[in-house]
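Novice: Sharing a structure with you now.
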Amino acid sequence: MKILFTKNIDPSIISKELGEDILVDCVEVIKTNPIIISPFDLKNYSLIFTSVNGVISFFKNRFKPNEDFTAKNYNKIYCVGEKTKRELRKHGFGTFKVMKNAETLSRFIIGKCQHEQFLHFCGNLAINVLDNELPLQNIKYKKVTIYNTEEINPVITEKYHAAVFFSPSGVRSFAKRNSLEGMKLFSIGETTSGELRNYTQQEIFTSEDNNLASILSLIVKIFKNTQI
């Protein structure tokens, strides 16, 4: 059995979870580059991060959040995903709220945070859930693009039993020059699965949580006792 991961993953982690009988190739289908901007005052803003790259680029640009909860104008930090939360922790910052995807974060903000104003530090291809929904509710929201995502569009000539996708942009990059047919399709999170549905009517296996452990567990579950 051969599986394609559309992202470079530590082989030791994959083999530990999937075993030695499953052959795995990892091919990067997108690449990211930080954008250098001048840091500005974050006073009176709540901050949103929806990716690890957003956090990395934010601190590369020397932004300085105020997390002193005793201060009047401290910055609440909202994020999507445990990996994003952990990256913030590496830089010494906690999170006010962590959600599994942008859709649930949007619903939380609309329901609980009407009077805050938000800066969303993200990439050029960030999904439009937040900026489509929050302004409609008269919530002040602004995207700040601090990294670029480039779709590489590789041609994959090898045949695989399954392919694993990690982002909507990764789906688009792969699908531009390759077919999704004839493989089992695995996806981290419903947002990525939604993008896959633009290219295929096949069943898509979506991980419960937006992390590597969840998608590997799902692969094991689906392929358990499967003979190919």
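Novice: Kindly indicate which of Lys76, Lys83, Lys100 is without any contact (Cβ under 8 Å) to a residue 60 or more places away in the chain and basic (Lys, Arg). So that I can check it myself, show each step before the final result.
Specialist: Details: Lys83 fails: without any contact (Cβ under 8 Å) to a residue 60 or more places away in the chain; Lys100 fails: without any contact (Cβ under 8 Å) to a residue 60 or more places away in the chain.
Checking each option against the conditions leaves just Lys76.
Novice: Tell me which residues, restricted to region 200-228, are in contact with a helix residue (DSSP H, G or I) (Cβ under 6 Å, 6 or more places away or on another chain) and surrounded by fewer than 16 Cβ atoms within 10 Å (Cβ to Cβ).
Specialist: Listed by number, the list holds a single entry, Glu208.
Novice: Among the numbered criteria (1) without any contact (Cβ under 8 Å) to a residue 60 or more places away in the chain; (2) outside the structural domain of Phe118 (by TED's automatic domain parsing); (3) in contact with a strand residue (DSSP E or B) (Cβ under 8 Å, 6 or more places away or on another chain); (4) buried (at least 18 other Cβ atoms within 10 Å of the Cβ), which one does Ala175 miss?
Specialist: So Ala175 meets the others, but not (3).
Novice: Of all residues in region 57-72 being of a type in the set (D, E, K, R) and part of a loop (DSSP other than H, G, I, E, B), which is surrounded by the most Cβ atoms within 10 Å (Cβ to Cβ)? Talk me through it step by step, then tell me what you get.
Specialist: Quick first cut of region 57-72, residues of a type in the set (D, E, K, R) only: 60, 62, 64, 67-68, 72.
So of that shortlist, the ones also part of a loop (DSSP other than H, G, I, E, B) come out as 62, 64, 67-68, 72.
Details: Arg62: 10, Lys64: 10, Glu67: 17, Asp68: 10, Lys72: 8.
Going through the qualifying residues, I end up with Glu67.
Novice: Name every residue in region 90-142 that is more than 21 Å from Ile56 (Cα to Cα), at pLDDT below 95 and among the β-branched types (Val, Ile, Thr), in order of residue number.
Specialist: Residues satisfying the conditions are Thr104, Val129.
Novice: Restricting region 146-159 to residues that are among the charged types (D, E, K, R) and assigned to a strand (DSSP E or B), which is farthest from Leu42 (Cα to Cα)? Working first, answer last.
Specialist: Initially, region 146-159 is screened for residues among the charged types (D, E, K, R), giving 150-151, 158-159.
Now narrow it down to the ones that are assigned to a strand (DSSP E or B): 150-151.
Values: Glu150: 28, Glu151: 31 Å.
Among those that are among the charged types (D, E, K, R) and assigned to a strand (DSSP E or B), it is Glu151.
Novice: Checking Arg197 against (1) crowded, with 18+ Cβ neighbours inside 10 Å; (2) modelled with pLDDT of 95 or more; (3) not polar (S, T, N, Q), only one condition comes out false. Which one?
Specialist: Among (1) crowded, with 18+ Cβ neighbours inside 10 Å; (2) modelled with pLDDT of 95 or more; (3) not polar (S, T, N, Q), the lone unmet condition for Arg197 is (1).
Novice: Right, another one. Among the residues that make up region 13-23, is at least one of them of a type in the set (Ser, Thr, Tyr), without any contact (Cβ under 8 Å) to a residue 12 or more places away in the chain and exposed (fewer than 11 other Cβ atoms within 10 Å of the Cβ)?
Specialist: No: zero hits.
Novice: For a quick check of your reading: which helices (runs of 4 or more DSSP H) sit entirely within region 160-228 and have at least 2 residues that are closer than 23 Å to Ile13 by Cα and over 13 Å from the mean Cα position of the chain (by Cα)?
Specialist: It comes to 212-223.
Novice: When residues of region 13-45 are filtered for being over 21 Å from Tyr160 (Cβ atoms) and either of a type in the set (S, T, N, Q) or not in a loop (DSSP other than H, G, I, E, B) (or both), how many remain?
Specialist: Of the residues in region 13-45, 6 are over 21 Å from Tyr160 (Cβ atoms) and either of a type in the set (S, T, N, Q) or not in a loop (DSSP other than H, G, I, E, B) (or both).
Novice: Now, a different point. Considering region 184-194 alone, what residues qualify as being surrounded by fewer than 19 Cβ atoms within 10 Å (Cβ to Cβ) and in contact with a Pro (Cβ under 8 Å, 6 or more places away or on another chain)?
Specialist: Across region 184-194, the qualifying residue is only Gly194.
The values are calculated or read from the model by the stated rules, or taken from the named source; none is laboratory data. Note that the structure is a prediction, hence the values are computed from the model and not measured. Because the Cβ atoms are built from the backbone with ideal geometry, glycine has one as well, and the counts that use them run over all protein chains shown.
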